[in-house]
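The structure that follows is given in the form of structure tokens.
Since every read-out is calculated from the coordinates, none of them should be taken as a lab result. Please read all numbers here as calculations on a predicted model, not as lab measurements. Here Cβ is always computed from backbone atoms with ideal geometry, including for glycine, and neighbour counts include all displayed protein chains.
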Amino acid sequence: MAQDERNEETGLSEESGQPEESEQTDDSGQVESTTDLDEDIAMALENHVLNPAEDPEEASDPRTMYPSGEFEPQAQDYPGWTEAMIPRPDHGEQSYVGHHRMMGFRTLITGGDSGIGRAVAIAFAREGADVAFTYLPEEEQDAELTVQLIEAAGSRALALPGDLRDEEFCQEVIAQTVEEFDGLNVLVNNAGFQMTTSQGIEDLSSEQFDRTFKSNVYALFWLTKAALPHLQPGSSIINTSSIQGYHPSPSLIDYAATKAAINSMTFSLAESLGSKGIRVNAVAPGPIWTPLQPPTQPEEKIVKFGQDTPLGRAGQPAELAATYVLLATEESSYISGSVIGVTGGKHLA
Ligand code: NAD
Ligand code: MG
């Protein structure tokens, strides 16, 4: 879609790819700021957690640019919803500025309704890409807002509800994306399941072990296999790993093992697909404030979530997006078989 056309349709600023503000005068003569976005998006834009630091040094200090104290105790049922999080995560709604780096790209992000996936969806859309994403049917509320955020950037959105533990659904997801967008350039295998166990292996059930591997490893295998015939040279696969793949916690035995498997598959797929001109990489996040955490960790861990990192705080989904954009574009044309850590200072080794 031509850039001019995009802007006419969406009211986005040509320079920034951001919602364009207009000024209106109210009855009292005061100037108030409005946007063309509907109420849901306006609400999402308000729900960022940026610290309004006035001192520019503080604003760019990675320790203080986001809240760094304890989180309020909070719990949610699985899979977790954005609206119930205190504070609401920052997905870059107000901060991500596109630079036309992905014009015409056709992309698919699994688990794009919330958390890291939503931040990547916003960034890809503001860079000019069309974005398909999957989510669990019970996450409809989050998915609807992600659709609005993609469309507000002037891109096409395709929301695909279903369970990635089903091979047929994985195949359908690829088929529908390719049909709707007439191709696929970037596959982001981001959906993931975790659940902490309090006793380690003693209370880790076979059902959970199976669920974690099906969601995190089998789905990646099925999606990648189904996508391959459609990926032309220049395409990119980006997997979401975790620091757990390097430093496994005793309470996340199954989850950590899937992330180590994802690292290994990233390396072997990069080796095997390099000759087709397809790059394969992974991003390994540290503790990131997303709806995955409150339903799957004990409350006392949520309160201190991220405080044991060198930067002393949890990361926000928005802080991941630029790395996915880098790995999706030709700016990283010689990067393949890499796992990039976004961990707040903890090393991957
Ligand atoms: P999130 O809950 O916002 O996103 C995970 C998404 O996975 C969910 O929204 C859901 O749509 C999807 N999902 C899970 N099981 C599924 C299934 N069976 N079928 C279809 N979809 C399914 O949380 P997030 O933290 O943004 O998670 C994204 C990725 O980041 C995951 O792979 C997670 O393991 C990884 N990660 C997160 C953290 C963190 O601290 N939040 C740290 C390291 C890695
Ligand atoms: Mg979700």
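Run down the lysines and flag those whose C-alpha is under 20 Å from the C-alpha of LYS346, throwing out any fewer than 8 positions away in its chain.
Result set, ordered by chain and number: LYS259, LYS301, LYS304.
Let me ask something additional. So how do ASP130, ASP77 line up by other beta-carbon neighbours within 10 Å, fewest first?
With the fewest neighbours first, ASP130, ASP77 line up as ASP77, ASP130.
Ok, one more. Taking amide H atoms as placed 1.01 Å from N in the peptide plane, list the residues 5 or more away in sequence, or in a different chain, whose amide H sits under 5 Å from that of LEU158.
Distant-sequence amide H within range of LEU158: VAL131, ALA132, PHE133.
With a cap of 16 neighbouring Cβ atoms within 10 Å, and only residues DSSP puts in a loop, list the trypsin sites (Lys or Arg not before Pro) found in segment 218-294.
Of the trypsin sites (Lys or Arg not before Pro), not one in the loops of segment 218-294 has a Cβ with at most 16 other Cβ atoms within 10 Å.
How far is it, in nm, from the label point at VAL303 to the one at GLU172 when both lie 7 Å from their Cα along the line to the Cβ?
Placing both labels 7 Å along Cα→Cβ, they lie 4.4 nm apart.
Moving to a separate point now. What is the projected area of the convex hull of the Cα atoms of segment 82-342, averaged over all directions, in nm²?
12.8
Moving to a separate point now. What ranking of ASP203, ASP210, ASP254 emerges when the number of other C-beta atoms within 10 Å of each C-beta is taken as an exposure proxy, fewest first?
So the ranking, lowest neighbour count to highest, is ASP203, ASP210, ASP254.
Long-range amide H contacts for GLY234: which residues qualify at under 5 Å (H placed 1.01 Å from N, peptide plane, sequence gap of 5 or more or a different chain)?
So GLY234 has HN proximity to ILE278, ARG279.
Report the net charge of residues surrounding ILE86, where surrounding means a beta-carbon distance below 13 angstrom and charges are Lys +1, Arg +1, Asp -1, Glu -1.
-3
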